[in-house]
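Novice: Structure provided below as structure tokens; questions to follow.
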Amino acid sequence: SQQGEEDPQALSIQEGENATMNCSYKTSINNLQWYRQNSGRGLVHLILIRSNEREKHSGRLRVTLDTSKKSSSLLITASRAADTASYFCATGGIQGAQKLVFGQGTRLTINP
Amino acid sequence: EPEVTQTPSHQVTQMGQEVILRCVPISNHLYFYWYRQILGQKVEFLVSFYNNEISEKSEIFDDQFSVERPDGSNFTLKIRSTKLEDSAMYFCASGTSASTGELFFGEGSRLTVL
């Protein structure tokens with residue numbers, strides 16, 4: 001089954017605006033993580049939220065998790081041109097399942 | 001800052017040839033992974049490795065694939081007989097937690113099969 005589907009697939013905003021990306025998943029999770037990927041580069045971990053947490057902040061990032069709806073959102077405030085990248089959510093399974101399952105990603109473009 | 005390093009950054013090979021992709025995970029990490037990303041698509045899990053053995057593998061990771069940690073520092077992915085559809089970016093990752101905490105990814109090895 002699909003896991004970690006992001007919405008929208010692409011988002012283009014002006015510098016300084018806030019960017020919100022959503023992720024839905026289907027199975028029980030231990031945690032949900034967001035990663036960033038610059039074009040042609042590796043994935044960089046941004047933030048992890050555990051299944052018993054509802055909201056987490058890190059700098060300009062705010063992540064929410066609603067386990068009843070099996071969804072998460074990533075908010076980037078006061079966006080900068082350097083935030084242009086693809087953003088992926090990834091779900092970590094229940095205890096004993098080590099892999100992360102990634103979604104299709106949201107391609108974010110920040111226009112100067 | 002410690003990082004995961006991968007070599008080669010790009011490899012071009014003929015269909016049917018063997019390919020070995022190499023990774024040096026972060027030194028105190030215990031869990032190692034290979035993922036792949038076909039151009040424009042999602043990042044797909046291939047295999048996880050812990051305590052010198054495979055702990056989980058996906059359907060993609062068939063008999064043509066193998067992994068090895070030959071010397072305590074390198075972690076390799078071998079594709080025995082490459083197919084056109086193996087063309088992708090292959091990412092190595094390592095982590096410290098069994099319950100899938102943060103993973104640290106390398107910059108990837110781009111494999112092009114002709």
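We did not get these values from a lab; they are worked out from the coordinates using the rules stated. All of these numbers come straight from a predicted model, not from anything done at the bench. Heads up, the Cβs are rebuilt from the backbone with ideal geometry, glycines too, and the neighbour counts pull from every protein chain shown.
Novice: Exactly which trypsin sites (Lys or Arg not before Pro) in the range B:55-114 are in a DSSP loop and have at most 14 other Cβ atoms within 10 Å? Present the calculation step by step, with values, prior to reporting the outcome.
Specialist: Values: sites: B:Lys57, B:Lys78, B:Arg80, B:Lys83, B:Arg110; in loops: B:Arg80, B:Lys83.
Those satisfying the criteria are B:Arg80, B:Lys83.
Novice: For the pair B:Gln41 and A:Thr20, what calculated FRET efficiency results from E = 1/(1 + (r/R0)^6), where r is the Cβ-Cβ distance and R0 = 22 Å, to the nearest 0.05?
Specialist: Details: r = 23 Å, r/R0 = 1.06.
Once rounded, the FRET efficiency stands at 0.40.
Novice: Can you pull the one-decimal nm distance between simple spin-label points at B:Ser9 and A:Lys56, each 7 Å off the Cα toward Cβ?
Specialist: Reported label-point gap for B:Ser9 and A:Lys56 is 3.1 nm.
Novice: Taking the range A:24-112, which trypsin sites (Lys or Arg not before Pro) meet the DSSP loop condition and have no more than 16 other C-beta atoms within 10 Å?
Specialist: Values: sites: A:Lys26, A:Arg36, A:Arg41, A:Arg50, A:Arg54, A:Lys56, A:Arg60, A:Arg62, A:Lys69, A:Lys70, A:Arg80, A:Lys99, A:Arg107; in loops: A:Lys26, A:Arg41, A:Arg54, A:Arg60, A:Lys69, A:Lys70, A:Arg80, A:Lys99.
The qualifying sites are A:Lys26, A:Arg41, A:Arg54, A:Arg60, A:Lys69, A:Arg80.
Novice: Over chain B, with a Gaussian network built from C-alpha contacts below 10 Å, which listed residue (B:Ser87, B:Ser48, B:Ser73) shows the highest mean-square fluctuation?
Specialist: Comparing B:Ser87, B:Ser48, B:Ser73 in a Gaussian network model of chain B, the most mobile one is B:Ser73.
Novice: Let me ask something else about it. To the nearest 20 debye, what charge dipole does chain A have about its Cα centre, counting +1 at the Cβ of each Lys and Arg and -1 at the Cβ of each Asp and Glu?
Specialist: Numbers: 13 positive and 9 negative charges, 58 e Å.
Its charge dipole is roughly 280 debye.
Novice: Just flag the GluC sites (Glu not before Pro) in the range B:40-114 sitting in loop per DSSP whose Cβ has no more than 13 other Cβ atoms within 10 Å. List each step's numbers first, then the result.
Specialist: Numbers: sites: B:Glu44, B:Glu53, B:Glu56, B:Glu59, B:Glu68, B:Glu85, B:Glu102, B:Glu107; in loops: B:Glu59, B:Glu102, B:Glu107.
Passing sites in the range B:40-114 are B:Glu59.
Novice: While we're on this one: With only alpha-carbon atoms counted, please give the Rg and Dmax of chain B, in Å.
Specialist: 13.2, 38
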